[in-house]
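Novice: Dropping the structure in here first, questions after.
The values are calculated or read from the model by the stated rules, or taken from the named source; none is laboratory data. Predicted model only: the values in this text are computed from it and were never measured. Cβ sites come from the backbone with ideal geometry, for glycine too, and all protein chains shown count toward neighbours.
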Amino acid sequence: MAIRLLALDLDGTILDAHMQFSPRVRRALRLAEEAGVHVTLASGRFFPSMRVLAADLGIHEPLICLQGAVVQDPISGRVHFHCGVPLALAYEFIDLVRARGWDLALYQGDLLCAERMTCLLEFYAGYSPVREKVHVVPDLRAFLDSDPLKLVVVAEPEQAAVADAQLRERFAGRLHVVRSFFKFVEATNLAVSKGQALAFLAQQLGVAQSETMAIGDNDNDADMVAWAGLGVAVGNASPRVMQAARYVAAPMEQDGAAEAIERFILAGQHA
């Protein structure tokens, strides 16, 4: 079947460390849209940042934000899907992270909140085309009045690996925990992931699973790549994504995502 819905991760897949998209990626996405393919972005980033990136690429479909906790239209701002972490689990997560002394931030509505600013949290807030403002509150537990959308532990790579393992074990079957970047470990509702959000969006657009294609590189992309009719890993992808993929493209630095789009969507349409 022809591909009718294409979902792309950002960081490490099509967006480089300088927050830039290559000309080849831009061209491939433009031609895919001109061919009638629905194109969306799927990221752990929050909506305001993703909206800027989508506008830069000319993408108009609803965006998969915060690891799938939110699906939102970049033009109208309409929220199609929204699912937070139950407060009781959020409290337990906060207590554990405090006990370990790790840096923690969370998304409450449109706010990124933390109890203190550190170099690591400064890095997290700045790792975006739109710098995220961190709202410092005395007590995250007391501040929360509704389910947070995502909780994020920020640590140096070695400590992040430890946090990832411990949080996965503690919240197995209760929260979806992923290591989205070498310094970031993120937790969302168990019903939230990029793969589940892609399934939701496909249904909303009337697209069959077999007509979807997803491209990613990191562990938080694995279930999206596995769910898609055609799952693609770029050559720099983690082992988990490689295992989930049906096709392995070149690394991001060699425009692997564009290569896959050209091969599976554009071949025969644009010589």
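Novice: Inside the stretch 205-260, can you point out the residues that are touching a strand residue (DSSP E or B) at 6+ places or on another chain (Cβ under 8 Å), among the acidic types (Asp, Glu) and either at pLDDT below 95 or surrounded by fewer than 24 Cβ atoms within 10 Å (Cβ to Cβ) (or both)?
Specialist: Listed by number, the residues that qualify are GLU211, ASP219.
Novice: Inspect the stretch 186-203 for any residue being farther than 30 Å from ILE94 by Cα and touching a residue at least 40 places away in the same chain (Cβ under 8 Å) and give the result as yes or no.
Specialist: yes
Novice: I'm told VAL162 meets every condition in (1) within 24 Å of PHE182 (Cα to Cα); (2) touching a strand residue (DSSP E or B) at 6+ places or on another chain (Cβ under 9 Å); (3) surrounded by 13 or more Cβ atoms within 10 Å (Cβ to Cβ); (4) not assigned by TED's automatic domain parsing to the domain that holds GLN203 except one. Can you identify the failing condition by its number?
Specialist: (2)
Novice: Here are TYR91, TYR107: which of them is in the same structural domain as GLY173 (by TED's automatic domain parsing), among the hydroxyl-bearing types (Ser, Thr, Tyr), closer than 20 Å to ARG141 by Cα and surrounded by 20 or more Cβ atoms within 10 Å (Cβ to Cβ)?
Specialist: Sole residue among the options that is in the same structural domain as GLY173 (by TED's automatic domain parsing), among the hydroxyl-bearing types (Ser, Thr, Tyr), closer than 20 Å to ARG141 by Cα and surrounded by 20 or more Cβ atoms within 10 Å (Cβ to Cβ): TYR107.
Novice: Do any residues in the stretch 204-224 that are without any contact (Cβ under 8 Å) to a residue 60 or more places away in the chain and of a type outside the set (Phe, Trp, Tyr) have Cβ atoms under 7 Å from those of residues that are assigned to a loop (DSSP other than H, G, I, E, B) and surrounded by 19 or more Cβ atoms within 10 Å (Cβ to Cβ), where the two are at least six apart or on different chains, and which pairs are they?
Specialist: ASP223/SER193
Novice: Any chance the stretch 9-26 includes a residue that's touching a His at 6+ places or on another chain (Cβ under 8 Å) and not assigned by TED's automatic domain parsing to the domain that holds ARG131?
Specialist: No; the residues of the stretch 9-26 include none that is touching a His at 6+ places or on another chain (Cβ under 8 Å) and not assigned by TED's automatic domain parsing to the domain that holds ARG131.
Novice: Filter the stretch 177-204 down to the residues that are over 18 Å from VAL39 (Cα atoms) and of a type in the set (Lys, Arg), then identify the one that is surrounded by the most Cβ atoms within 10 Å (Cβ to Cβ).
Specialist: Looking at residues that are over 18 Å from VAL39 (Cα atoms) and of a type in the set (Lys, Arg), I get ARG179.
Novice: Please state which of the following conditions ARG45 fails to meet, knowing it meets all the rest: (1) surrounded by fewer than 17 Cβ atoms within 10 Å (Cβ to Cβ); (2) under 24 Å from ALA187 (Cα atoms).
Specialist: (1)
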